[in-house]
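The values are calculated or read from the model by the stated rules, or taken from the named source; none is laboratory data. Remember, it's a predicted structure, so these values are computed and weren't measured experimentally. Quick reminder, even Gly has a Cβ in these numbers, built from the backbone with ideal geometry, and neighbours come from all protein chains shown. Just the protein is used for accessible areas: all its heavy atoms, side chains included, with ligands, DNA and RNA removed. Shrake-Rupley method; radii C 1.70, N 1.55, O 1.52, S 1.80 Å.
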Amino acid sequence: MTIKNITILGSGIMGHGIAQVSAMAGYKVFLRDIEQKFLDKAMEKIKWSLQKLSEKNKITANEVDTIYSSITPVVDLRAATSNTDLVIEAVPEDFKLKEKVYNELNGMVQDDVIFASNTSTLPITELSKLTTRPQNFIGVHFFNPPQLMKLVEVIPGTQTNPKVVEELTHYVQSLNKHPVICQKDVSGFIVNRIFIPLVHEALFSLDRDRVSMDVIDSAVKFKLDFPMGIFELADYTGLDVVYKASYEMNLRDKNVLLMHPKIKELYDNNQLGQKTGKGFYEYKDNNYERVNLTQEKSSQYDPLSILGVAANNAAWLIENKVCTLEDLNTALKLGMGLKTEIFELVKNLNTSQVINRLREIEMQQGSFYRPNKYLENIK
């Protein structure tokens, strides 16, 4: 089949962003939500975004109108799906809510229509079982904001037809995005499997090593070549997102991360980072503020365990054939902004020092920190 018409379910940040990039690639898009006011707000944001692109001479004024008019906002689910080839579900990360949506969809659309979920953490195979078409079900995880982020994780479930994987990969490429294939439906997929445990490990490092957050963040930025510190990145991402991802990942695989109680505490107190004015750091206003991280502060700390936990999870992904090394490096570069490949970072900080630090902590805190065999072979 050839995808021409696309239905996006959910008009929030991710939904309207996916609608916009799909329309820009020439697809006819139906954007569906449960109330007209949500759709009106989404269409306003799409119009604003397109006009900004026009002001920067990325698209013409005529293209603004053409793209905008190729997105049809609609409340009625049957009308939104009556002539579609692909349904992308982008409703909130709540399994029960998604179950309700798929129950409504099952009897409504043709059997050959592909269902794709934009979930960042929920297992694709479990979601596919909510539908009458597990062979036509796939994960297609866009990163926020979809208009800017080039990475898309494509995640088949255990029953997904290989032709569906091929079709969705072509769709992602047609958006001028870079697909990476997560070949096994594992907890956290690729990027979150690395990123989410890092936030918890940064907190454990804070407890163990008794240095300040900005010193740890400075070391992560300047010694590990990250675009920003881990605490800073978590605040920017949103601690509600970090908490929910942590909960879902831990629910399905107890070995993927060690949960630090501080994340739940911040979530419960609505201290969600930049968006609420306070998370790990405090922020004066709504404009994005950078934390004062410096090369001088970075000299006070070696983030060996933080890199070790990241590299251990990366090694697990390769060892278990979840993704290729090339896709891993691409995912971390485009999804997390890593400037240096992760196993190169291990070499730069000295492989034996990273492994020895993990073994030290393993003796105190258990097998989660045991160095992966693949990691031990990095020279």
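Worth a mention:
- Looking only at residues in segment 180-196 that are more than 24 Å from Tyr236 (Cβ to Cβ) and not polar (S, T, N, Q), the one that is farthest from the chain's Cα centre (by Cα) is Lys184.
- Filtered residues of segment 83-100 (kept if assigned to a helix (DSSP H, G or I) and surrounded by fewer than 20 Cβ atoms within 10 Å (Cβ to Cβ)): Phe95, Lys96, Leu97, Glu99, Lys100
- Residue in segment 57-71 that is at pLDDT below 95, over 19 Å from Ile6 (Cα atoms) and basic (Lys, Arg) present: yes
- Just one residue in the set Glu248, Glu265 is surrounded by fewer than 23 Cβ atoms within 10 Å (Cβ to Cβ), at pLDDT 95 or above and not aromatic (Phe, Trp, Tyr); that residue is Glu265.
- Pairing each residue of segment 77-88 that is on the phi < 0 side of the Ramachandran plot with any residue that is basic (Lys, Arg) and surrounded by 21 or more Cβ atoms within 10 Å (Cβ to Cβ), provided the two are 6+ apart or on different chains, yields C-beta distances under 8 Å for Leu77/Arg32; Ala80/Arg32; Thr81/Arg32.
- Segment 1-71 holds helices (runs of 4 or more DSSP H) entirely within its bounds, and those carrying 2 or more residues that are open to solvent by 40 Å² or more (accessible area, probe 1.4 Å), under 23 Å from Tyr102 (Cα atoms) and not β-branched (Val, Ile, Thr) map to 36-55.
- Thr276 surrounded by fewer than 17 Cβ atoms within 10 Å (Cβ to Cβ), β-branched (Val, Ile, Thr), modelled with pLDDT under 95 and closer than 28 Å to His141 by Cβ: yes
- Considering residues of segment 150-167 that are in contact (Cβ under 8 Å) with a residue 24 or more places away in the chain and more than 21 Å from Asn329 (Cα to Cα) only, the residue nearest to the chain's Cα centre (by Cα): Gly157
- The lone criterion from (1) in contact with a His (Cβ under 9 Å, 6 or more places away or on another chain); (2) open to solvent by 70 Å² or more (accessible area, probe 1.4 Å); (3) not in a loop (DSSP other than H, G, I, E, B) left unmet by Lys347 is number (1).
- Every pair of residues 6+ apart whose Cβ atoms lie under 6 Å, when the first sits in segment 338-360 and is in contact (Cβ under 8 Å) with a residue 60 or more places away in the chain and over 15 Å from Asn377 (Cα atoms) while the second is assigned to a helix (DSSP H, G or I) and open to solvent by 20 Å² or more (accessible area, probe 1.4 Å): none
- Unmet requirement for Arg357, which otherwise passes all of (1) within 30 Å of Asp240 (Cα to Cα); (2) surrounded by 14 or more Cβ atoms within 10 Å (Cβ to Cβ); (3) in contact with a Leu (Cβ under 9 Å, 6 or more places away or on another chain): (1)
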